[in-house]
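What follows is one structure encoded as structure tokens, with my remarks underneath.
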Amino acid sequence: MLLPREHGTYGEVLFPLVSALILGTPNPGVWGLVAVTLGGYLAHEGVIVLSGWRGPRAAREQRGLAWRSVAVFGGLALMGAAVAAPSLTRDAWVAAAAVAAASLVALGNAVRGAEHSLGGEVLAAIVLPAWAVPAGLQGGMAWAEVLPIWGAWVAGYVGATGVVHVII
């Protein structure tokens, strides 16, 4: 299986998600959203390879592995959606739809090769932790509780991204 090569993004998606799990009450809908989040995140590398962004050699040599990665991890995301959907609250639905749309924008940004630009990395630093919002809402947290958590992670990640770009 292909896994995301941007190691900092593992924390960008996992730490906020774990925060929502700790502060909320996990239930089947929350676990389904976790599967959607992780499946979508892990499928990213396969999509990038298939798009040719990792280069023609990777696209040629890793094509089969990339398709398997997209199928397995995308399948995990779809199964998570099937588990989550029947029990999602209205607020969790709204948040999940908004974050899914933002994730597609970020994926489009990556496929066109702008993933490692300052804008692309800031976009990832905003979108990846946003998956904690629907999970927190589904876990019984209020908007007033979950948005500051997301905002705190975003502030830290965007700040760190800016520092790295200045240093590099």
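The values are calculated or read from the model by the stated rules, or taken from the named source; none is laboratory data. Everything numeric in this text was worked out from a predicted model, so none of it was measured. Ideal geometry is used to build each Cβ from the backbone, glycine not excepted, and the neighbour counts take in all protein chains shown. Areas reflect the complete protein model, heavy atoms only, side chains present, ligands, DNA and RNA absent. Shrake-Rupley method; radii C 1.70, N 1.55, O 1.52, S 1.80 Å.
Structural remarks
- The residues of the chain expose, per residue, 50 Å² of accessible area to a 1.4 Å probe.
- Surface calculation, 1.4 Å probe, protein heavy atoms: Thr89 sits at approximately 60 Å² accessible.
- Carbon and sulfur %, accessible surface of the chain computed with the full protein complex present, 1.4 Å: 73
- When Rg and Dmax are taken over the Cα atoms of segment 30-168, they come to 16.1, 48 Å.
- Rounded to whole Hz, the Karplus (6.51, -1.76, 1.60) HN-Hα couplings of segment 52-68, x for glycine and proline: x, 5, 7, x, x, 5, 4, 4, 7, 7, 10, 4, x, 5, 5, 4, 4
- Three-way shape call for segment 50-98 based on the alpha-carbon gyration tensor, with the a/c threshold at 1.5: oblate
- Summing charges over all other residues whose Cβ lies under 13 Å from the Cβ of Glu121, with Lys and Arg as +1 and Asp and Glu as -1, gives -3.
- Residue-wise HN-Hα couplings along segment 12-24, as the Karplus relation 6.51 cos²θ - 1.76 cosθ + 1.60 with θ = phi - 60° gives them from phi, are 4, 9, 6, 4, x, 5, 5, 4, 5, 5, 6, 7, x Hz; Gly and Pro carry x.
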